[in-house]
Structure formats: C-alpha cells, structure tokens
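What follows is a single structure, written as structure tokens, with notes after it.
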Amino acid sequence: MSRHSARSYEYQQKRKWFLKRNTVCWICGQDIDQALRYPHPMSASVDHYIPASTGHDVVDMQNWRPAHLLHNQQRGADTKRGDKPPSRPERAW
C-alpha cells in the first residue's frame with residue numbers, strides 16, 4: 001500500500017471531485033453547504049472511515065465519506081464507535 005500525503009496534488013484533485021458529488025454528511029445525514037469554506041465548522045470535509053493515522057492510504061476514495069468539518073473533527077480517529085459506512089452502489093456501465 002503506497003502512502004500519499006493529504007497535501008499532494010493527486011489528493012487535492014480527487015478531494016475536490018469527491019466533495020462536489022457527495023453533498024450529504026454521512027455522520028448527521030444533513031446537506032453540506034458547498035459555499036462554506038474551511039475553517040467554517042459546517043464546511044465540507046473528507047472523513048477517512050479507516051483513519052489515515054492507522055497507515056491507510058489517504059488517496060483511497062473507497063475509504064472516504066463526506067462529512068461536515070465539525071462532525072469529522074469530533075469523530076477524530078475513533079474507530080471503536082461501531083460506525084458503519086453507508087452502502088455505495090456500484091457504478092452501472
């Protein structure tokens with residue numbers, strides 16, 4: 001597994017694409033206002049379901065969940081709460 005930086009160009013481009021298409025916070029279920037920018041607590045952020053701090057690749061989009069910044073920060077690297085990611089339908093070709 002390769003290790004990427006959250007500051008890398010690849011990560012930033014994928015993050016931008018992902019957040020434009022995923023506009024509901026997976027933690028609270030409310031819409032994410034795309035006009036709000038960091039560091040607004042309700043701005044969009046990428047929550048890494050398996051925390052990057054465990055060594056998981058930050059660029060792995062299968063591990064991403066859209067979240068309000070506040071909720072993402074409150075959740076932190078806590079993987080013991082039993083959170084279950086929403087099912088993601090496969091893309092139909």
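The values are calculated or read from the model by the stated rules, or taken from the named source; none is laboratory data. Model, not experiment: these values are computed from the prediction. Cβ coordinates were reconstructed from backbone atoms using ideal geometry, including for glycine residues, and neighbour counts include every protein chain displayed. SASA here: full protein model, heavy atoms, side chains in, ligands and nucleic acids out. Shrake-Rupley method; radii C 1.70, N 1.55, O 1.52, S 1.80 Å.
The table that follows gives values for the structure above.
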read-out	value
Failed item, numbered, when L69 is tested on (1) modelled with pLDDT of 95 or more; (2) more than 17 Å from Y11 (Cβ to Cβ); (3) not aromatic (F, W, Y)	(2)
Condition broken by Y49, with the remaining ones in (1) hydroxyl-bearing (S, T, Y); (2) touching a strand residue (DSSP E or B) at 6+ places or on another chain (Cβ under 6 Å); (3) at pLDDT 95 or above satisfied	(3)
Scan of segment 1-40 for residues that are surrounded by 12 or more Cβ atoms within 10 Å (Cβ to Cβ), touching an Asp or Glu at 6+ places or on another chain (Cβ under 9 Å) and polar (S, T, N, Q), ordered by number	T23
Any chance A67 is open to solvent by less than 50 Å² (accessible area, probe 1.4 Å), in contact with a strand residue (DSSP E or B) (Cβ under 6 Å, 6 or more places away or on another chain) and among the small types (G, A, S)	yes
